[in-house]
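> For reference, the structure I am asking about is given below.
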Amino acid sequence: MTVVESLRHAEAELGGPGSLKGKTVLVPAGLSGVGSLACQVLKNIYGVGKVVTTVSPAKIPLVPDKLGPGVVDQVVDYTRGVAHVIREVGKGTVDLMLDTFMGMAYLAVLKPGSGMLLSITGKSGKILKEVWPEIGWWLVLAVDCLDGWYRWRAGRWGIRYDNVFVKPNGADLDTLVGWLVERKVKPVIGRVVGWEDLEGVRALCQFIYDRKGGVGKYVIDLE
C-alpha cells in the first residue's frame, strides 16, 4: 500500500499518468520490505527506464534472485560511503528517489530543477495531528521544523521534496492483489515465525527494531 500510494503521488507530481515511463529512479535499500516491492512496481508496472538501488555487498547477488532478472538495472554498495554512491549513480542523473530511510545525503544524484525526493518516513505536523489528535503542540512544531529543514535543504539543490502518509483503502488493495495474481510483482519474505514460538517472535521483533539489514518482509504466522 505504501508503494502504490507513493508512486501514484510521485507520478502526479512529475506530470501525470505515464510520466514515470523511461525515467531513472533510485530506491535505496532495494531488498527492504518497501524497497523490494517498489523496484518491481517501477519496472513492471510503470515502465521506468532505469531502476537503481543500494544494498550491502552480501546482498548484491540476491537482488536479481529475489526481485527477478532485469528489474534492477544498477546495484550500488552503500557501505563504501555516500561519496561512492553518488559517484556510481552519477550526479544529476536521477529523476526520482523514493526515500525509505531519510537519505538526504544522496540529493546530489537528483536532477536539479526537475528531480524529486519523495519520502515515506518524513511527515508534517499537520499530518501527525490528523492521525494523533491529542498530540502536543510542541511535537507538532518540532515535526514541522524538521519537515521545513528537509524542504529547505532539498530546495538548495533545486530538488522538489515531498512526503506521503498512507491511507489504506480497498481500491488500492485490490490493485495490489491484481498485480500479485498477474505475477507482475512478488512479495519478498525474509523469515516466517509461528505465533506459538514466543522466543522466535521476540527475536524477530528485536531484529527488526535493531534494523540489522533484513531482506523483505518478516511474518508472524497465526495459524
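> Might you check whether a residue that is of a type in the set (Gly, Ala, Ser), part of a loop (DSSP other than H, G, I, E, B) and closer than 22 Å to Val166 by Cα occurs anywhere in segment 62-73?
Let us first name the residues in segment 62-73 that are of a type in the set (Gly, Ala, Ser), namely 68, 70.
From the residues that got through so far, the ones that are part of a loop (DSSP other than H, G, I, E, B) too are 68, 70.
Restricting the remaining residues to those that are closer than 22 Å to Val166 by Cα gives none.
Checking segment 62-73: not a single residue is of a type in the set (Gly, Ala, Ser), part of a loop (DSSP other than H, G, I, E, B) and closer than 22 Å to Val166 by Cα.
> Hey, among the residues in segment 168-202 that are closer than 18 Å to Gly33 by Cα and either acidic (Asp, Glu) or modelled with pLDDT under 90 (or both), which one's surrounded by the fewest Cβ atoms within 10 Å (Cβ to Cβ)?
Filtering segment 168-202 for residues that are closer than 18 Å to Gly33 by Cα and either acidic (Asp, Glu) or modelled with pLDDT under 90 (or both), the one surrounded by the fewest Cβ atoms within 10 Å (Cβ to Cβ) comes out as Pro168.
> Looking at Asn169, Asn163, which is the one that is within 16 Å of Arg8 (Cβ to Cβ) and free of Cβ contacts under 8 Å to residues at least 24 places away in the same chain? Quick ask: steps written out before the conclusion?
On the way: Asn163 fails: free of Cβ contacts under 8 Å to residues at least 24 places away in the same chain.
Going through Asn169, Asn163 in turn, just one is within 16 Å of Arg8 (Cβ to Cβ) and free of Cβ contacts under 8 Å to residues at least 24 places away in the same chain: Asn169.
> Working only within segment 31-59, note down all residues that are over 23 Å from Ser114 (Cα atoms) and surrounded by 15 or more Cβ atoms within 10 Å (Cβ to Cβ). Full working, then the answer.
The first filter runs over segment 31-59 and keeps only residues over 23 Å from Ser114 (Cα atoms), leaving 31-34, 36-37, 40, 44, 55-59.
Within segment 31-59, Leu31, Ser32, Gly33, Val34, Ser36, Leu37, Gln40, Asn44, Val55, Lys59 meet the criteria.
> Output the residue which, of all residues in segment 11-30 that are aliphatic (A, V, I, L, M) and modelled with pLDDT of 95 or more, is surrounded by the fewest Cβ atoms within 10 Å (Cβ to Cβ).
Within segment 11-30, the first condition is being aliphatic (A, V, I, L, M), and the residues that meet it are 12, 14, 20, 25-27, 29.
If we keep only those that are modelled with pLDDT of 95 or more too, we end up with 20, 25-27.
Working: Leu20: 21, Val25: 26, Leu26: 27, Val27: 26.
For segment 11-30, the residue satisfying everything is Leu20.
> Could I ask something else about it? Can you spot a residue in segment 181-201 that is over 25 Å from Thr54 (Cα atoms) and touching a residue at least 40 places away in the same chain (Cβ under 8 Å)? Show your work before the answer.
Our first condition is that a residue be over 25 Å from Thr54 (Cα atoms); within segment 181-201, this holds for 181-182, 193-201.
The next check asks that each one be touching a residue at least 40 places away in the same chain (Cβ under 8 Å); those that pass are none.
Looking through segment 181-201, none of the residues is over 25 Å from Thr54 (Cα atoms) and touching a residue at least 40 places away in the same chain (Cβ under 8 Å).
> Also: So which pairs qualify, if the first residue must be in segment 61-73 and exposed (fewer than 11 other Cβ atoms within 10 Å of the Cβ), the second must be assigned to a helix (DSSP H, G or I), the Cβ gap must be under 9 Å, and the two must be at least 6 apart or on different chains?
Partner pairs satisfying both residue conditions: Gly70/Lys43; Gly70/Pro64.
> Moving on to the next point. From the list Thr121, Thr100, exactly one residue is modelled with pLDDT under 95, of a type in the set (Ser, Thr, Tyr), at negative phi and surrounded by 15 or more Cβ atoms within 10 Å (Cβ to Cβ). Which is it?
Just one listed residue meets the conditions, Thr100.
> What about Val131, is it surrounded by fewer than 13 Cβ atoms within 10 Å (Cβ to Cβ), assigned by TED's automatic domain parsing to the domain that holds Leu31 and of a type in the set (A, V, I, L, M)?
Values: surrounded by fewer than 13 Cβ atoms within 10 Å (Cβ to Cβ): yes; assigned by TED's automatic domain parsing to the domain that holds Leu31: yes; of a type in the set (A, V, I, L, M): yes.
When the stated conditions are applied, Val131 passes them.
> For the condition farther than 22 Å from Lys43 by Cβ and in contact with a Pro (Cβ under 9 Å, 6 or more places away or on another chain), what is the one hit in Trp132, Trp152, Trp157, Trp138?
Trp157
> Related question: Can you name the number of the only condition in (1) at pLDDT 90 or above; (2) closer than 18 Å to Asp99 by Cα; (3) outside the structural domain of Met116 (by TED's automatic domain parsing) that Arg211 fails?
Failing condition for Arg211: (1).
The values are calculated or read from the model by the stated rules, or taken from the named source; none is laboratory data. If you're wondering where the values come from, they're calculated on a predicted model, not measured in any experiment. Cβ sites come from the backbone with ideal geometry, for glycine too, and all protein chains shown count toward neighbours.
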